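The values are calculated or read from the model by the stated rules, or taken from the named source; none is laboratory data. From a predicted model like this one, the values you see are computed outputs, not experimental measurements. Ideal geometry is used to build each Cβ from the backbone, glycine not excepted, and the neighbour counts take in all protein chains shown. Quick note on the areas: whole protein, heavy atoms, side chains included, nothing else; ligands and nucleic acids left out. Shrake-Rupley method; radii C 1.70, N 1.55, O 1.52, S 1.80 Å.
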Amino acid sequence: MNDDDTYTLTRRIPAGDSYDLVVAGGGPAGTAAAVCGARLGLKTLLVEATGCLGGMGTSGLVASFGPVADGERMLVGGFMKELLETMWAQKAFGQHVVPDFLNAQLNRWVPFKPEHLKRILDDFAVSAGVELRFFTRVIEAETRGRRVDGVVLSNVEGLRYVRARAFVDATGDAALAALAGAECKVVLRDTETVAPSTLCSLLGGMHWDHPAYGSDWHGIDEVKNHTKTELLAHAIADGHFTQEDRFMPGMNKIGERSATLNAGHVFNLNPLSNRSLSDGMVFGRKLAVEYLEFYRKYVPGCEDLELLTTAPVMGVRDSRRIVGEFELGIEDFRNRRQFADQIAVYNRPTDVHPTDTSKAEYERFLNDFHGKDNLGRGGSVGIPYSILVPRGSGNLWVAGRCHSSDTKVHGSIRAQSAAYMMGQAAGTAAAQSIATGQPACDLDTQTLVERLREAGAYLPQATLSRAMTRS
């Protein structure tokens, strides 16, 4: 033991295989990065802390994709569009989902069956030749200058050191980027507005055929809105809940009698503290029972509702983000800015949930979501490549919610549908970097955009540039 209450531990760690690409995190972004990288010929390893791919959509039971259209056309392409088409063909969506949900609806969330998504992503990864390592985490990184040479993995077999030519951090918390020494911004309640977390759940025994729900998907929406306003307010006035949380995303239909529930905020949770996460899981399970009893007591058709399970992982919305070559800001968003190096376009309000139970915070959320931070029909903001690159990085990219944006924009583009598109771009960029020797921070973005277009991405920018957008 050292004088500063730390330990110095020296160990010899077995070396595993070497790879072209190592992806940390098998959520939407990581899965897309790994599959797309492997399809481009890279020997790819994907490590995931849980036992399945899909991240928040599967392990987190956030079983609804963020909007994929702008009210006029589908905005997603490439890997994400392929995934949607596969899920449609395999009947993996909620039974009320109609083609317009995907092709034309504005701000339309798309419910799906999480177990079905797991198997589809398994098939995508295995067919592409991705080497999967579940129940595995990256716990250390070896760097040399601006480059990552290798990482230390931890799982039931112990520790392994693996080398790679390129790395993608899709951990959500920028865990690999932080280990590699990249500059990061930690988002905590005492520094700025940060969205709270939610522990989602899976429910059975729902009477979707109750007369209150109508005969089609419009009826479900009407009852959901009524539940989130009048009925929730009634229950709060009755003192039903532990906390007076005025906002509830609500219940999504995924089967004849089943639903997923996104309800109950865990405020002031620190996602980078194991103790805080542990306490949050305990409180989240308590909230799940309160919301089950709320639905049973106040909402028509829910009298026989059963809580089947809560998610095994916390639904964290924000924690740590990289400082990238560019930070996408709220003025870019409100101006619907397009970029020469954009790798995706997206339309979703700035969904930064209320940060406490006050009426003022709830009204702030509503004003943002339905007002100034709603892009409206036909609108979109570009997602530039440069927000995926830690400043000065040679061979490390991020994808998913640890990208470089401000809090408001992050509340929009952290969604799963956007994360899949970021992942495809990161995996494609890694392949280009390996083939050309161009570092991540100086990649030819004209070539990248052209390759993404060839792979089916919808990138409508009129002009391209070989240099990325920078701050």
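Considering only the range 137-157, I want to know if a residue exists there that is closer than 30 Å to T86 by Cα and open to solvent by less than 20 Å² (accessible area, probe 1.4 Å). Steps first, please.
To start, the set of residues in the range 137-157 that are closer than 30 Å to T86 by Cα comprises 137.
So of that shortlist, the ones also open to solvent by less than 20 Å² (accessible area, probe 1.4 Å) come out as none.
For the range 137-157, residues closer than 30 Å to T86 by Cα and open to solvent by less than 20 Å² (accessible area, probe 1.4 Å): absent.
When restricted to residues that are among the β-branched types (V, I, T), within 25 Å of V186 (Cβ to Cβ) and free of Cβ contacts under 8 Å to residues at least 24 places away in the same chain, the range 255-299 contains 1.
Annotation note: of P312, P349, P354, P300, the sole residue that is in a loop (DSSP other than H, G, I, E, B), farther than 19 Å from V381 by Cβ and touching an Asp or Glu at 6+ places or on another chain (Cβ under 9 Å) is P354. The set of residues in the range 67-92 being in contact (Cβ under 8 Å) with a residue 40 or more places away in the chain and either surrounded by fewer than 22 Cβ atoms within 10 Å (Cβ to Cβ) or not in a loop (DSSP other than H, G, I, E, B) (or both) consists of A69, D70, G71, E72, M74, G77, G78, F79, M80, K81, E82, L83.
The strands (runs of 3 or more DSSP E) found entirely in the range 132-208 that carry 1 or more residues being of a type in the set (S, T, N, Q) and modelled with pLDDT of 95 or more are 137-144, 147-155, 201-204. In the range 14-38, the residues that are farther than 14 Å from G129 by Cβ and in contact (Cβ under 8 Å) with a residue 12 or more places away in the chain form Cβ pairs under 6 Å with partners that are of a type in the set (F, W, Y) and open to solvent by less than 10 Å² (accessible area, probe 1.4 Å), at six or more places apart or across chains, as follows: V22/F167; P28/Y420; A32/F79; A32/Y420. Can you confirm whether the range 416-432 contains a residue that is out of contact with any Gly (no Cβ under 8 Å at 6 or more places or on another chain) and surrounded by fewer than 23 Cβ atoms within 10 Å (Cβ to Cβ)? Yes, the range 416-432 contains a residue that is out of contact with any Gly (no Cβ under 8 Å at 6 or more places or on another chain) and surrounded by fewer than 23 Cβ atoms within 10 Å (Cβ to Cβ). With respect to the conditions (1) crowded, with 18+ Cβ neighbours inside 10 Å; (2) assigned to a helix (DSSP H, G or I), H370 lacks only one, and its number is (1).
Restricting to the range 433-453, give me the number of residues that are among the charged types (D, E, K, R) and under 16 Å from T463 (Cβ atoms). Residues flagged as among the charged types (D, E, K, R) and under 16 Å from T463 (Cβ atoms) within the range 433-453 amount to 3. For the condition within 14 Å of the chain's Cα centre (by Cα) and crowded, with 20+ Cβ neighbours inside 10 Å, L46 does not qualify.
Among residues of the range 228-241 that are among the small types (G, A, S), those with a Cβ under 7 angstrom from a residue that is open to solvent by less than 70 Å² (accessible area, probe 1.4 Å) and not in a helix (DSSP H, G or I), sequence gap 6+ or separate chain, pair up as A235/F241.
Is the range 376-389 home to any residue that is surrounded by fewer than 24 Cβ atoms within 10 Å (Cβ to Cβ), touching a helix residue (DSSP H, G or I) at 6+ places or on another chain (Cβ under 7 Å) and not aliphatic (A, V, I, L, M)? No, the range 376-389 contains no residue that is surrounded by fewer than 24 Cβ atoms within 10 Å (Cβ to Cβ), touching a helix residue (DSSP H, G or I) at 6+ places or on another chain (Cβ under 7 Å) and not aliphatic (A, V, I, L, M).
Between Q432, Q461, which is more than 24 Å from the chain's Cα centre (by Cα) and touching a residue at least 60 places away in the same chain (Cβ under 8 Å)? Step through it out loud before you land on a result.
Details: Q432 fails: touching a residue at least 60 places away in the same chain (Cβ under 8 Å).
Answer to the check: Q461.
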